[in-house]
Amino acid sequence: RMNEFGTYEVLASADVLFASGSAAISAQGKTDLAAFATKAKATQDYLVVVTGFTDSTGNAAANQKLSTQRAAAVTNYLQQQQGLAPGRVKAPDGLGIAPDAGTGSNAGARKVNVKLVVDKGVQAGNK
């Protein structure tokens, strides 16, 4: 079981979608994040991984910055509005253009992916 430390199992995930050029979380996004936070709080030794993306519209530098702003907005919302402990929410990552963005405007690529994970080694020690 020692070899499972540092190996993560994804228990839940959510995609929060954004308007073009925006890092503001929509009402639907807040609803989805509230449900996600409820699952997280009910999970022992959870971690939350937050990754922001953009579509391929605009220049790469602006998209990188926007993806980081989106991830930070979601992280702040989970901590400040939903009460998740800062130590449980990993620093947000903005990865720029989403791998599934294609070309041009793609609403599904303007997102932040949030994953609820547990360390398999830690979970094994709790059994």
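Which one of L116, N59, A101 is farthest out on the positive end of the charge dipole of the chain, using unit charges on Cβ (Lys, Arg +1; Asp, Glu -1) and the Cα centre as origin?
About the Cα centre, the residue reaching furthest to the positive side is L116.
In whole Hz, with x marking every Gly and Pro, tabulate ³J(HN,Hα) for segment 85-92 from phi via Karplus 6.51 cos²θ - 1.76 cosθ + 1.60, θ = phi - 60°.
Here the 3J(HN,Hα) series is 5, x, x, 9, 9, 5, 3, x Hz.
Just by accessible area at a 1.4 angstrom probe, what is the order of K65, K120 from largest to smallest?
From most accessible down to least: K65, K120.
Go through 27-34, 73-80, 92-99 and give me the packing order, highest mean Cβ count within 10 Å leading.
73-80, 92-99, 27-34
Work out, step by step, the length gained on full extension between A85 and V10: first 0.36 nm times the residue separation, then minus their alpha carbon distance; give nm to one decimal.
Separation in residues times 0.36 nm, less the Cα-Cα distance, equals 25.2 nm.
Nothing charged except the Cβ atoms of Lys and Arg (+1) and of Asp and Glu (-1): what's the magnitude of the dipole of the chain about its Cα centre? Round to the nearest 20 debye.
240 debye
Long-range amide H contacts for Y8: which residues qualify at under 5 Å (H placed 1.01 Å from N, peptide plane, sequence gap of 5 or more or a different chain)?
Under 5 Å from the amide H of Y8: K120.
Using a 1.4 Å probe on the protein chains only, how many percent of the accessible area of the chain belongs to carbon and sulfur?
C and S atoms contribute 51 percent here.
What are the ³J(HN,Hα) values, in whole Hz, obtained from phi via the Karplus relation 6.51 cos²θ - 1.76 cosθ + 1.60 with θ = phi - 60°, for each residue of segment 12-18 in sequence order, with x given for Gly and Pro?
Listing the rounded values in order: 7, 8, 8, 10, 9, 8, 10 Hz.
Suppose R0 equals 30 Å. What FRET efficiency, 1/(1 + (r/R0)^6) with r the Cβ-Cβ distance, do T103 and K30 give to the nearest 0.05?
The value I calculate is 0.50.
Suppose only helical runs count, i.e. DSSP H with n ≥ 4. What mean residue ellipticity at 222 nm does that imply for the chain under -39500 (n - 2.57) per run, divided by all residues and rounded to the nearest 500 deg cm²/dmol?
Helix contribution divided over all residues of the chain: -9500 deg cm²/dmol.
The values are calculated or read from the model by the stated rules, or taken from the named source; none is laboratory data. In this text, all values refer to a predicted model and were calculated from it rather than measured experimentally. Positions of Cβ are backbone-derived with ideal geometry, glycine not excepted, and every protein chain shown enters the neighbour counts. Only protein heavy atoms, including side chains, enter the accessible area calculation; ligands, DNA and RNA are left aside. Shrake-Rupley method; radii C 1.70, N 1.55, O 1.52, S 1.80 Å.
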